[in-house]
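Asks: If you scroll down you'll find the structure; I have some questions about it.
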Amino acid sequence: MGRISMAYIHEGEWPPGTVDIHIVKNGLRKAVLVAILLLPFACIFLSFREISATLILWRLLLIGHFVLLLLLLWNPVHKESVIIMPAFGVQLETHYASGRIIRRFIPAGEILKSVLLECVTPVTCYWSLSLLVRGKEELVLVFKELRPPMKMLLPVWKALCSSMENKESPVTCGEGEGG
């Protein structure tokens, strides 16, 4: 399965030093999904010439499995955004294709560090941006559903580091630390 195309939008700061918004959008369009789903049905109805009922039922069963596979592989996330407010904290939003929005707010005083991680599995390798939060045992994923490439994660990471500059300088926010 190929990488789903994504778009990165940086909405800047209004006024400088206040709110910084970073958005990663899922590139999968509903129209493409609908076209893929309607294609097998069109093929069935175009081939109705003297076909047995058993063959039609087998085709419908095959199409049902195909549709189920598409629904399982289809990522329902429309976009994920990071709203950085240095004085208050970070708001993480996940917008689903159904219209549902999940928002998570992390106060600035609880964020210890932002971390870029390389995640390696037997099948794939991708980058992840996480927050080390005071009082939580696990890292908080910034992009929970989508897996944006490193070139999209880097400006978000730099913005998170610069928003925490009162605690530490952006140079020490991960650079030059041995391990």
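The values are calculated or read from the model by the stated rules, or taken from the named source; none is laboratory data. Keep in mind that this is a model prediction, so the values were computed, not measured. Side chains included, ligands, DNA and RNA excluded: accessible areas come from the protein's heavy atoms. Shrake-Rupley method; radii C 1.70, N 1.55, O 1.52, S 1.80 Å.
Asks: List the relative contact order of the stretch 87-138 as a percent without decimals, with contacts defined as Cα pairs under 8 Å and 6+ residues apart.
Replies: So the answer I get is 28 percent.
Asks: Can I ask one more? PHE66: accessible area at probe 1.4 Å, nearest 10 Å²?
Replies: Here the residue's solvent-accessible area equals roughly 80 Å².
Asks: Given a 1.4 Å probe and heavy atoms of the protein chains only, how would you sort GLU145, GLU118, largest accessible area at the top? The partial results should precede the final answer.
Replies: On the way: GLU145 80, GLU118 105 Å².
Order by accessible area, largest first: GLU118, GLU145.
Asks: May I ask which of LYS25/LYS144; LYS25/LYS113; LYS25/LYS136 have a Cα-Cα span longer than 19 Å here?
Replies: LYS25/LYS113; LYS25/LYS136
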